[in-house]
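One structure is given below, encoded as structure tokens.
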Amino acid sequence: MSKKIKEIQIFRHIIQIILFFLLPGVYILAFSELKSIFQMIIRGNFNFIQSLPGLIEFTVAIIFTILMGRFFCGWFCAFGSFNDWIHIASKKILKTDFKISEKLDSILKYIKYGILALILIFILTGKNDILNGTSPWDAFAQITNFSTVISTITIGFIFLILILIGNIFIERFFCRYLCPLGAVFSLISKISILKISKPTEKCGNCRICTNNCSMGLKLYSIDNIRGGECINCLRCVETCHRENPHVNIINTEVNSATASSFVVAIFAGIYGITNFGNSISIQKGLASSNAVISSTVSQGIKYKDGDYPGTGIGFNGGTTKVSVTIKNSKINAIKTISTEDTPDFYKNVENIIPNKIISTQSTSSVDTVSGATYSSKGIIDATQNALNKAK
Ligand code: SF4
Ligand code: SF4
């Protein structure tokens with residue numbers, strides 16, 4: 001294994017660790033935003049430009065995955081990184097060496113599409129409340145508040161434990177078989193401009209890359225890997241002693257160290273630019289005013305113009321106070337006055353939930369942000385409390 005290639009794996013783990021702490025909830029937000037888009041499409045009020053401030057994570061992840069494949073999964077997703085570390089630790093400590101049969105593996109990979117379809121059907125039929133408390137992501141995101149997780153996300157916590165056990169034996173167990181976001185990425189990454197080429201005629205009987213593939217792909221029978229189940233961990237490139245697999249961008253061979261640095265820079269760039277644009281639009285009030293202009297989804301309730309305070313209970317029983325501005329009988333702005341919520345969760349919903357309420361002119365049809373359900377509810381309840389005073 002060459003020194004240069006080994007450095008790529010070290011680089012990947014460093015990026016994973018940094019993003020685990022810097023952007024721990026991007027995968028949760030991205031999936032929550034996907035659900036919001038689906039809900040808005042069903043209701044016939046989806047307007048991408050107006051909704052963009054609340055769709056940053058999903059938009060960035062989608063653009064990035066269409067262009068570069070599933071680097072998001074292999075390098076940036078906190079839950080995927082956690083899966084990696086559990087498997088590495090169990091291999092080292094428990095000396096596990098379980099190999100699932102290729103046939104069973106390829107069948108189980110379809111489960112994630114079933115889970116995605118099921119979630120969308122629940123949303124379509126307005127029964128998505130059934131899923132509350134069942135998400136292992138929610139349990140994982142709030143695990144530091146263990147007692148709350150046990151009492152409020154009990155089923156999600158049980159799923160999380162089962163996923164951990166599965167992951168001890170099968171690398172990327174959740175990503176391979178269960179992740180609904182991974183299902184979306186798997187479908188859209190098939191058109192990415194980045195691929196790994198690996199001419200099999202140079203392989204002979206060697207199966208080193210197959211045996212080392214994070215996602216259990218049958219690499220011995222594939223010449224080109226473009227998206228799909230591949231998470232671009234680049235371990236196949238790393239382990240091949242013949243240096244047969246290569247990264248290609250638009251059919252041009254690219255040095256893998258350069259490619260991975262380029263991809264990390266692109267992700268940081270897209271995420272940074274989009275967030276910057278978002279914060280400017282929020283500062284200028286574009287998001288809220290545009291949403292108000294287009295909104296026709298009033299619940300038929302007349303509100304008196306003015307500013308109204310309201311309170312709601314958020315995560316861990318913390319009180320959230322908001323001020324709701326009514327203008328021309330419409331919800332025009334929702335500002336946080338104070339909150340006792342956990343800052344890490346609150347920052348994930350502080351802009352998203354008010355924008356959703358404003359764009360739908362409703363508190364009842366707003367989906368909570370997965371991973372910050374109680375923080376979302378704090379804002380929704382506080383807004384409703386204020387609206388009751390404005391009727
Ligand atoms: S498959 Fe899902 S959990 Fe795994 S890395 Fe991708 S988004 Fe994250
Ligand atoms: S094919 Fe290569 S880059 Fe893709 S998941 Fe497998 S080892 Fe990683």
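The values are calculated or read from the model by the stated rules, or taken from the named source; none is laboratory data. Nothing here was measured: the structure is a model prediction, and the numbers come from that model. Using ideal geometry, Cβ is built from the backbone for each residue, glycine included, and neighbour counts are taken over all protein chains shown. What goes into the accessible areas is simple: the full protein's heavy atoms, side chains included, and nothing from ligands, DNA or RNA. Shrake-Rupley method; radii C 1.70, N 1.55, O 1.52, S 1.80 Å.
Ser261 versus Ile66, label points 7 Å from Cα toward the beta carbon: distance in nm? Result for the modelled spin labels: 2.9 nm. Around the Cα centre of region 50-205, unit charges on the Cβ atoms of Lys, Arg, Asp and Glu (plus for the first two, minus for the last two) sum to a dipole of about 520 debye. Modelled spin labels at Ile188 and Thr252, positioned 7 Å past Cα toward Cβ, are 2.6 nm from each other. Of the solvent-accessible surface of the chain, computed with a 1.4 Å probe and all protein chains present, 63% belongs to carbon and sulfur.
In this structure, Lys103 and Gln384 have a Cβ-Cβ separation that, at R0 = 41 Å, corresponds to a calculated FRET efficiency of about 0.20.
Short-range pairs are left out: with C-alpha atoms under 8 Å and at least six residues apart, the relative contact order of region 322-391 is 35 percent. Between Phe48 and Phe169, the C-beta separation translates, for a Förster distance of 51 Å, into a calculated FRET efficiency of about 0.75. Compared with the direct C-alpha span, the chain from Asn224 to Leu23 gains 69.2 nm at full extension, assuming 0.36 nm per residue. When +1 charges are put on Lys and Arg Cβ atoms and -1 charges on Asp and Glu Cβ atoms, the dipole computed for the chain relative to its Cα centre reaches about 400 debye.
For the chain, Cys73, Cys77, Cys175, Cys179, Cys203, Cys206, Cys213, Cys230, Cys233, Cys240 stand unpaired, since no other cysteine beta carbon lies under 4.7 Å from theirs. Is the chain rounded, prolate or oblate when judged by the Cα gyration tensor, a ≥ b ≥ c being the square roots of its eigenvalues, rounded requiring a/c under 1.5 and prolate requiring a/b larger than b/c? Prolate, since a/c reaches 1.5 and a/b exceeds b/c. Normalising the average separation of contacting C-alpha pairs (under 8 angstrom, six or more residues apart) by the number of residues puts the relative contact order of the chain at 19 percent. Distance between the C-alpha centres of region 189-215 and region 50-66: 29 Å, rounded to the whole angstrom. Each residue, Ile158 and Ile130, gets one label point 7 Å from its Cα in the Cβ direction; the gap between the two is 1.6 nm. Name the residue farthest towards the positive end of the dipole of the chain from the options Leu23, Pro245, Asn132, assuming +1 on Cβ of Lys and Arg, -1 on Cβ of Asp and Glu, about the Cα centre. Towards the positive end, the residue furthest out is Pro245. In order along region 326-342, phi translates into HN-Hα couplings of 9, 9, 6, 6, 10, 6, 9, 7, 10, 10, 6, 8, 7, 8, 9, 5, 6 Hz, rounded to whole numbers, per the Karplus curve 6.51 cos²θ - 1.76 cosθ + 1.60 with θ = phi - 60° and x for Gly and Pro. Extension gain for Ile111-Ile273 works out to 54.8 nm (0.36 nm per residue, less the C-alpha to C-alpha distance).
Summing +1 for each Lys or Arg and -1 for each Asp or Glu among the other residues whose beta-carbon sits under 13 angstrom from that of Gly227 gives +3. Positive end of the dipole of the chain (Cβ unit charges, origin at the Cα centre): among Cys213, Gly80, Ser90, the Cα lying farthest that way belongs to Cys213.
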